[in-house]
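Accompanying notes for the structure given below.
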């Protein structure tokens with residue numbers, strides 16, 4: 001769910017950057033512009049469910065919601081550890097702000113300063129890898145990916161072999177052969193090939209990135225959420241300011257084999273995102289413009 | 001206009017503390033919780049009109065909107081000086097945050113760290129004085145007051161003396177005698193007594209204050225905006241946490257001769273402010289509960 005989709009300053013309808021990913025009841029937050037905690041309240045999402053926060057870069061519009069969100073977690077009696085990933089400087093900034101506002105977190109905050117190339121297991125079965133992007137300050141994109149899921153079970157075939165849905169089938173799905181009625185059943189007899197997990201790439205603010213596919217490390221992804229601050233008309237301005245056009249975003253989506261391209265981080269100059277979607281659609285078939293509180297599937 | 005009226009954390013309907021006062025097109029902002037700039041956008045008020053910002057204390061919910069608001073002023077090409085008043089530590093905090101987010105303001109920011117007892121001329125004809133309040137950290141209240149306005153002119157009487165509305169009458173209103181048809185007219189013949197300017201007191205977060213009237217320095221004020229986090233049922237908790245009950249607020253309003261008491265900073269425990277208003281009304285005749293985006297007159 002998008003919590004904010006504007007660039008630099010909030011508008012009447014768009015808040016500052018924030019994107020929350022829900023996986024089996026747990027939340028991962030990407031960027032945390034001012035007002036992110038307000039949007040979470042609006043969306044009915046509890047900050048206590050957030051396991052980790054990923055900041056793309058230390059510009060105010062992407063990070064000024066972080067101290068307040070953490071303090072609200074404390075007000076809501078959080079005791080669980082929190083992980084915060086972001087560029088160098090984020091630990092110092094949080095420390096100074098907490099010191100100035102006389103705040104001591106009642107839970108552990110693990111601040112991990114990234115440099116690109118790392119990968120972290122952030123939830124059971126879910127990993128996040130970090131890649132450098134091209135902005136006016138040190139900035140990173142994040143790839144969120146799930147471990148491959150076991151293949152689908154052919155229930156009919158299993159029944160014919162005398163295996164009813166239950167623990168034995170579960171073992172087979174996990175790759176373990178079982179013996180049924182004196183006959184050894186191998187997993188590949190009833191279980192299909194492992195299915196890839198979902199993959200989502202979030203670039204944060206960036207000019208077009210050379211070798212994006214290699215940086216991301218996948219031949220295809222489900223969803224690419226890409227900076228699309230401007231239309232091509234302002235290409236020069238976009239690149240100079242470390243941003244992309246909608247067309248740049250579409251090129252990245254093609255390179256990454258993205259099933260869905262989501263444009264976000266719109267300049268306040270656009271009253272409607274229609275020109276941006278229309279531009280990206282010249283290159284990629286599945287394009288949507290993010291809206292605050294828009295929910296999208298992460299597995300396509 | 002109230003921009004935020006909640007305590008500590010935002011709720012679905014109430015943002016974090018912020019109060020903006022409009023005087024002849026200029027704005028003064030008191031407290032700046034996270035999301036204040038979003039509310040200004042909603043209210044259609046330009047951050048460029050803000051001449052000075054007054055922070056009562058350095059708790060996150062009162063100050064985390066400040067860096068973002070200032071950066072948005074810069075994005076909107078502000079060049080005019082900005083004055084920021086607040087407790088010790090506010091200058092350092094802003095400096096660190098701006099450094100971490102690579103932000104250099106393109107206009108002068110005069111940060112004035114207060115200690116109580118100062119008064120500042122903040123607009124033409126408008127002053128703000130500072131008084132210490134009782135919170136869990138160093139905290140100040142602010143009294144905003146206008147210089148006395150000239151008395152009303154008795155236009156009929158002036159006409160009888162041969163003076164038509166115009167420059168001569170203006171001179172008289174400013175206290176300067178004029179000679180009309182050979183007769184010296186003294187100001188007091190046609191101009192009433194000077195009228196007091198408006199006076200508004202904003203306490204920020206505070207437990208009941210001893211000697212409030214002396215600290216404020218006025219026998220009567222138009223509007224008192226007072227912390228009313230809880231009802232008397234939670235008096236002990238309120239005072240321990242450096243807050244007031246609605247009844248405490250009403251006592252302060254009586255002491256200050258406030259024509260209107262505005263309760264604000266409500267605990268999220270109250271779905272409706274009705275019990276708070278009802279409690280304060282036992283002691284003071286004119287009580288309203290602040291709401292986000294509520295506009296009230298400052299001159300009563």
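A short reminder: the numbers here are calculations on the coordinates, not readings from a lab. What you are looking at is a predicted structure, and each value in this text was computed from that prediction instead of being measured. Every residue, glycine as well, gets a Cβ built from its backbone with ideal geometry; the counts of neighbours run over all protein chains shown.
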Review point. Most exposed first by the Cβ proxy, i.e. fewest other Cβ within 10 Å, how do B:53, A:176 rank?
Key: A:176, B:53
Exercise for review: With runs of 4+ DSSP H residues as the only contributors, calculate the mean residue ellipticity of chain B at 222 nm using -39,500 (n - 2.57) per run, divided by the residue total and rounded to the nearest 500.
Suggested key: -6500 deg cm²/dmol
Practice item. For region B:172-300, just the Cα set please: Rg and Dmax, both in angstrom. Key: 20.2, 72
Point to revise | Cα gyration tensor shape for region B:21-173, rounded if a/c is under 1.5, else prolate or oblate | key: prolate
Point to revise | Computed log₁₀ I(q)/I(0) - Debye formula, equal Cα scatterers, no solvent, chain A, q 0.07, 0.11, 0.15 Å⁻¹ | key: -0.31, -0.69, -1.09
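What does DSSP give for the protein assembly as shown in terms of the percent of beta bridges that are antiparallel, rounded to the nearest 5?
On the way: 60 of 112 bridges.
If I count the DSSP bridges inside the protein assembly as shown, around 55 percent turn out antiparallel.
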Review point. Helix A:90-100 sits at what angle to the longest principal axis of chain A, using alpha carbons and giving 0 to 90 degrees rounded to 10?
Key: 60 degrees
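I need the per residue convex hull volume for region B:105-258, using only the alpha carbons, in cubic angstrom as a whole number. Walk me through the numbers before you get to the answer.
Details: hull volume 24.6 nm³, N = 154.
Given the Cα convex hull of region B:105-258, per-residue volume reads 160 Å³.
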Review point. What FRET efficiency would be calculated for the residue pair residue A:159, residue B:112, taking the C-beta separation as r and a Förster radius of 56 Å, to the nearest 0.05?
Key: 0.10
Revision key, fill the gap. Averaged over residues of A:55-63, the number of beta carbons from other chains lying within 10 Å of each residue's Cβ is 4
Check your understanding: How far, in degrees from 0 to 90, does helix B:66-75 lean away from the longest principal axis of the Cα atoms of chain B, to the nearest 10?
Key -> 60 degrees
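Scaled to the compact-protein estimate 2.2 N^0.38 Å, what is the alpha-carbon radius of gyration of the protein assembly as shown, rounded to two decimal places? Before the final figure, lay out the partial values.
Values: Rg = 30.3 Å, N = 600, 2.2 N^0.38 = 25.0 Å.
This ratio for the protein assembly as shown stands at 1.21.
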Study note, to complete from the structure: Packing-ranked peptide list from B:238-244, B:89-95, highest mean Cβ count within 10 angstrom first, is B:238-244, B:89-95
Revision key, fill the gap. Quick calc of log₁₀ I(q)/I(0), region A:186-244, Debye, one scatterer on every Cα, no solvent, q values 0.23, 0.25 1/Å, result -0.96, -1.02
Point to revise | Acute angle (nearest 10 degrees) that the helix B:246-255 long axis makes with the longest principal axis of chain B, alpha-carbon atoms | key: 30 degrees
Point to revise | For A:30-38, mean number of other protein chain Cβ atoms within 10 Å | key: 5
Exercise for review: Note down the nm distance, to one decimal, between modelled labels 7 Å out along Cα→Cβ at residue A:183 and at residue B:298.
Suggested key: 8.8 nm
Point to revise | For chain A, built as a Gaussian network whose Cα springs stay under 10 Å, the top-fluctuating residue of A:79, A:186, A:213 | key: A:186
Check your understanding: Distance in nm between label sites at residue B:269 and residue B:240, each 7 Å beyond Cα in the beta-carbon direction?
Key -> 1.1 nm
Exercise for review: With N set to the residue count of region A:53-142, report its C-alpha Rg divided by 2.2 N^0.38 Å to two decimal places.
Suggested key: 1.11
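Please report, in whole Å³, the volume per residue of the convex hull around the C-alpha atoms of region B:133-192. Please list the in-between numbers first.
Details: hull volume 6.1 nm³, N = 60.
So the per-residue hull volume is 101 Å³.
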Point to revise | Overall form of region A:1-45 per C-alpha gyration tensor (a/c, 1.5; a/b vs b/c) | key: prolate
**Study point:** Average beta-carbon neighbours from other chains, 10 Å sphere, peptide A:80-90
**Key:** 1
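Tell me, what is the percent relative contact order of chain B, built from C-alpha pairs under 8 Å that lie six or more residues apart?
Numbers: 675 pairs, mean separation 47.5, N = 300.
Relative contact order here is 16 percent.
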Review point. What is the Cα convex hull volume of region B:228-300 when expressed per residue in Å³?
Key: 91 Å³
